[in-house]
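Trainee: Quick one: structure below, then a few questions.
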Amino acid sequence: MLSRVAERMYWGARYVERAENAARLVRVYDAALMDLPREAGVGWPLLVDICGARRLFNERFAGGGERETLRFLAADAANPSSIIASLENARENFRTTRDLCPTEAWRAVNELYLYGRRELPKMASPRRRHEVLSGIVRQAQQLTGLLSGTMSHGDAYHFIRLGRNLERADMTTRIIDVAAAALMGAHAAEARPDNTLWMAVLKSLSGYQMYRQYVRRRIRDQDVVRFLLHDPLFPRAVAHCLLELEASTALLPNHEAPLRALLRLQRIVNEQLPEEFNEALLHQLMDDLQLELAAVHAQVAAAWFLPEA
């Protein structure tokens, strides 16, 4: 397989996952914010911080409110983390490698992009907003299942799997860092009536039902963080994503350096969180994980995408 083809499969999967994550995040927090009192201290800027786009947002929308934030996150092509930009990049990467994917998968990617381009600018009303974002999430999940069920699980599929799980782990750490850590401050007791915000953290990763199924007690901040970091069975938990990354990496040639970076990251996830932790410690751990995830990506690129020195 050519390195440019492998890179496009990898990035195509990352962009599809990024679009799905962003759509679910906006949908969940849009519903949660309508149920929260104004004094809860949580607003739309939180989503911009999770996506790591605060500087660009401030440059484009100084003092922007709900309408500007939604436009920025969903339909702003100038924002590389927006849903429409992610869908456009995913479509381009799969278009140039469609001879390796099932025809149905390429059609699904193209239809997802066309749906987003047509519907995302129409998200003015909350009801329409929920419908459009749910359509993005649903079609992205259908694409993931279609690839898993109809594509040969060779090298090309493993590069798709690498991109998907690295993007998932990245989003989970971002949500824990920005959203969950913000709820562990001194105002937390006032800021989360009836655990609404911790439920939103779980729902933004489709993890609420699985948390209740396996943890089997009331929602506690430290239980939520441990579930999203350490659960080896939940697909969007960091530990599970790393296991998936390890399995795919081990099946690809020239995997020694990326595999070492992954094993180092697994040790950090498993060993660095004590029994009791606070907001500052959690923020430091998430920073470390973000740096290690970037190091894994760098090793993946060096091993399979970049020309040899």
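The values are calculated or read from the model by the stated rules, or taken from the named source; none is laboratory data. Bear in mind the structure is a predicted one, so any value in this text is a computation, not a measurement. All Cβ positions, glycine included, derive from the backbone under ideal geometry; neighbour counts span all protein chains shown.
Trainee: Of everything in region 200-224, what is in contact with a helix residue (DSSP H, G or I) (Cβ under 6 Å, 6 or more places away or on another chain) and part of a helix (DSSP H, G or I)? Give them in sequence order.
Mentor: Matches in region 200-224: 200, 201, 202, 203, 208, 211, 215, 223, 224.
Trainee: Checking residue 108 against (1) crowded, with 19+ Cβ neighbours inside 10 Å; (2) within 28 Å of residue 180 (Cβ to Cβ); (3) in contact (Cβ under 8 Å) with a residue 24 or more places away in the chain, which test does it fail?
Mentor: Of the numbered conditions (1) crowded, with 19+ Cβ neighbours inside 10 Å; (2) within 28 Å of residue 180 (Cβ to Cβ); (3) in contact (Cβ under 8 Å) with a residue 24 or more places away in the chain, the odd one out for residue 108 is (2).
Trainee: Would you say residue 25 is surrounded by 15 or more Cβ atoms within 10 Å (Cβ to Cβ) and closer than 29 Å to residue 196 by Cα?
Mentor: yes
Trainee: Identify, by number, the condition in (1) within 30 Å of residue 283 (Cα to Cα); (2) charged (D, E, K, R); (3) under 22 Å from the mean Cα position of the chain (by Cα) that residue 59 doesn't meet.
Mentor: (3)
Trainee: OK, next. Of all residues in region 47-68, which are assigned to a loop (DSSP other than H, G, I, E, B) and within 16 Å of residue 27 (Cα to Cα)?
Mentor: 51
Trainee: Starting from region 191-203, take each residue that is at pLDDT below 80 and list its partners that are aromatic (Phe, Trp, Tyr), counting only C-beta distances under 7 angstrom and pairs at least six apart or across chains.
Mentor: Once the first residue is at pLDDT below 80 and sits in region 191-203, its partners that are aromatic (Phe, Trp, Tyr) give 192/198.
Trainee: A further question follows. Of 128, 91, which residue is surrounded by 19 or more Cβ atoms within 10 Å (Cβ to Cβ), among the charged types (D, E, K, R) and under 25 Å from residue 50 (Cβ atoms)? Reasoning before the result, please.
Mentor: Working: 128 fails: surrounded by 19 or more Cβ atoms within 10 Å (Cβ to Cβ).
From the options 128, 91, the qualifying one is 91.
Trainee: Counting just the residues of region 133-174 that are of a type in the set (Val, Ile, Thr) and crowded, with 22+ Cβ neighbours inside 10 Å, which one comes out nearest to residue 292 (Cα to Cα)? Show your work before the answer.
Mentor: The initial filter retains those residues of region 133-174 that are of a type in the set (Val, Ile, Thr), namely 136-137, 144, 150, 160, 172-173.
Narrowing the set further to residues that are crowded, with 22+ Cβ neighbours inside 10 Å leaves 136, 160, 172-173.
On the way: 136: 30, 160: 20, 172: 14, 173: 11 Å.
Top of the filtered list is 173.
Trainee: Turning to a different aspect of this structure: Return the residues of region 16-47 that are out of contact with any Leu (no Cβ under 7 Å at 6 or more places or on another chain), within 20 Å of residue 77 (Cβ to Cβ), at pLDDT 85 or above and not acidic (Asp, Glu); say none if nothing qualifies.
Mentor: Matches in region 16-47: 18, 21.
Trainee: For residue 15, indicate whether it is farther than 22 Å from residue 130 by Cα, hydroxyl-bearing (Ser, Thr, Tyr) and part of a helix (DSSP H, G or I).
Mentor: Considered against the rule, which asks whether it is farther than 22 Å from residue 130 by Cα, hydroxyl-bearing (Ser, Thr, Tyr) and part of a helix (DSSP H, G or I), residue 15 comes out as no.
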